[in-house]
Amino acid sequence: MDKQALDLPRIGVLPSGPLDSICDVGDVTVGHCTLADGAQQTGVTVVRPHAGDSYLDKVPAAATVLNGFGKSAGLIQVQELGVLETPIALTNTFGVGTVANAQIRQAIAANPEIGRGMATVNPLVFECNDGYLNDIQALAVQESHYVDAYANAAKAFAQGAVGAGRGMSCFSFKGGIGSASRVASIQPGLRYTVGALVLANFGRLPNLTVAGRPFGRRLADQLDRGLAQQGENAAIVPEKGSIILLLATDAPLDSRQLRRLSLRAGAGLARTGSVFGHGSGDIALAFSTAYTVPQRAEQPMPAVAMLHETRIDPLFEAAAEACEQAIIAALWRADAVTGRDGHHRAAIREAAPQWRQWLSDTAF
């Protein structure tokens, strides 16, 4: 059975794009490199904003740090200049430096004057800690894994326990990569798409909320404690994971407006039951595919009419809904994984096969 064809809870009321993923936006593509060998359960995921050279043709972007317990690379310059200069890379906490080096080498190979006659390049890498399932001390992620993930980027991509999501946990179950899209109607005849991709590695089981219902509390009551918590007391363990939330849109927004859009990812995250806990690194980034900004000063800057501020609310709604759906997708599309020292995370759809009944139960 095709795991990616499994159905999952549908969040919200807005329509999805044809792929129901971040790749419904412009020329965005996603690729993975997955390491799944005994104690090594990790990987790299790459999001390409377009098919061209990200250094020469930058896309506008901005980020919001919901809780800063994270070790990203390149975020400060994105905040300052409002553009992306490389694809977005996701990996584990100890792989950030290695993946950043791979991005720098890739950019130099394409543009040999970087750091000499041209400006340096700003790599952009986000991380979550997959150390429960993955032997993170092994430093298994290599530069070649970024290259492979980049080469694998396509419109159709796997979700769940793949790429950077291979070793991630979510609400005491298997987490990882999830994606979704929503179409926002700005006015009659004018629609824009917002796509989300998350690296989900957060949450306490009792807090899990699905489509507005206290799913985690019911699941914890129904399951054997060993299966539900895998050696952890989910009722008292603090929220100590992380999540990276990426938003793409084809709406013409500048970096200031994109920062506002990225903030609304937090609304979708909160709806699933996160409180942005002390030990959780929660970072959201939004970018637009509506135009690019040239690296070379002799090239003309884009003349783009930005969306009027009073018409941005539908995009905010789409961002919140797409992020909430993407988190649910990461949970429902993840297979069970056993990794370091026999640590195990079960798949939530297998632990709660009656989930459809629960969500249709009016008394729930």
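The single condition among (1) under 30 Å from Ser255 (Cα atoms); (2) modelled with pLDDT under 95 that Gln357 does not meet is (1). Taking every residue in the stretch 106-125 that is modelled with pLDDT of 95 or more and pairing it with any residue that is open to solvent by 60 Å² or more (accessible area, probe 1.4 Å), at least 6 positions away or on another chain, the pairs with Cβ-Cβ distances below 6 Å are Ile114/Ile108; Asn122/Gln77. Being in contact with a Pro (Cβ under 8 Å, 6 or more places away or on another chain) and buried (at least 24 other Cβ atoms within 10 Å of the Cβ), is that true of even one residue in the stretch 146-158? Among the residues of the stretch 146-158, not one is in contact with a Pro (Cβ under 8 Å, 6 or more places away or on another chain) and buried (at least 24 other Cβ atoms within 10 Å of the Cβ), which makes the answer no.
Here Thr310 clears all of (1) polar (S, T, N, Q); (2) surrounded by 24 or more Cβ atoms within 10 Å (Cβ to Cβ); (3) over 21 Å from Gly12 (Cβ atoms) except the condition numbered (2). Tell me yes or no: at least one residue of the stretch 132-152 is touching a strand residue (DSSP E or B) at 6+ places or on another chain (Cβ under 8 Å), within 19 Å of Ile348 (Cβ to Cβ) and either among the hydrophobic types (A, V, I, L, M, F, W, C) or part of a helix (DSSP H, G or I) (or both). Yes: one or more hits.
Looking at the structure I just gave you, is Asn134 open to solvent by less than 20 Å² (accessible area, probe 1.4 Å) and within 13 Å of Thr42 (Cα to Cα)? Yes.
Of the residues in the stretch 188-196, not one is hydrophobic (A, V, I, L, M, F, W, C), in a strand (DSSP E or B), more than 23 Å from Gly70 (Cβ to Cβ) and in contact with a Pro (Cβ under 8 Å, 6 or more places away or on another chain). Scanning the stretch 174-203 for residues that are crowded, with 24+ Cβ neighbours inside 10 Å and of a type in the set (D, E, K, R) turns up Lys174, Arg182. Of Leu219, Leu227, Leu263, Leu223, all but one fail to be modelled with pLDDT of 95 or more and not small (Gly, Ala, Ser); the exception is Leu263. As a summary of the residue check, Ile88 satisfies the conditions (1) more than 22 Å from Leu258 (Cβ to Cβ); (2) out of contact with any Ser or Thr (no Cβ under 7 Å at 6 or more places or on another chain) except for the one numbered (1). Say whether the condition of being of a type in the set (Gly, Ala, Ser), more than 23 Å from Val28 (Cα to Cα) and open to solvent by less than 10 Å² (accessible area, probe 1.4 Å) is met by at least one residue in the stretch 113-126. Checked the stretch 113-126: no residue is of a type in the set (Gly, Ala, Ser), more than 23 Å from Val28 (Cα to Cα) and open to solvent by less than 10 Å² (accessible area, probe 1.4 Å). Tallying residues that are hydrophobic (A, V, I, L, M, F, W, C), farther than 23 Å from Val65 by Cβ and either touching a Phe, Trp or Tyr at 6+ places or on another chain (Cβ under 9 Å) or not in a helix (DSSP H, G or I) (or both) within the stretch 99-127 yields 6. In this structure, does Glu321 turn out to be at pLDDT 95 or above, open to solvent by 60 Å² or more (accessible area, probe 1.4 Å) and touching a strand residue (DSSP E or B) at 6+ places or on another chain (Cβ under 9 Å)? Criteria not met by Glu321. Residues considered: Leu133, Leu124. Of these, the only one that is more than 20 Å from Ile283 (Cα to Cα) and in contact with a Gly (Cβ under 6 Å, 6 or more places away or on another chain) is Leu133.
Of the residues that sit in the stretch 279-307 and are closer than 22 Å to Gly74 by Cβ and touching a Lys or Arg at 6+ places or on another chain (Cβ under 9 Å), which one is surrounded by the most Cβ atoms within 10 Å (Cβ to Cβ)? Step by step, filter the stretch 279-307, then rank; the result is Ala286.
The values are calculated or read from the model by the stated rules, or taken from the named source; none is laboratory data. Note that the coordinates shown come from a computational prediction; the quantities given were computed from them, not determined experimentally. Counting neighbours? That spans all protein chains shown, and the Cβs are built from the backbone with ideal geometry, glycine included. The protein model used for the area step is the full one, side chains on, heavy atoms only, and it has no ligands, DNA or RNA in it. Shrake-Rupley method; radii C 1.70, N 1.55, O 1.52, S 1.80 Å.
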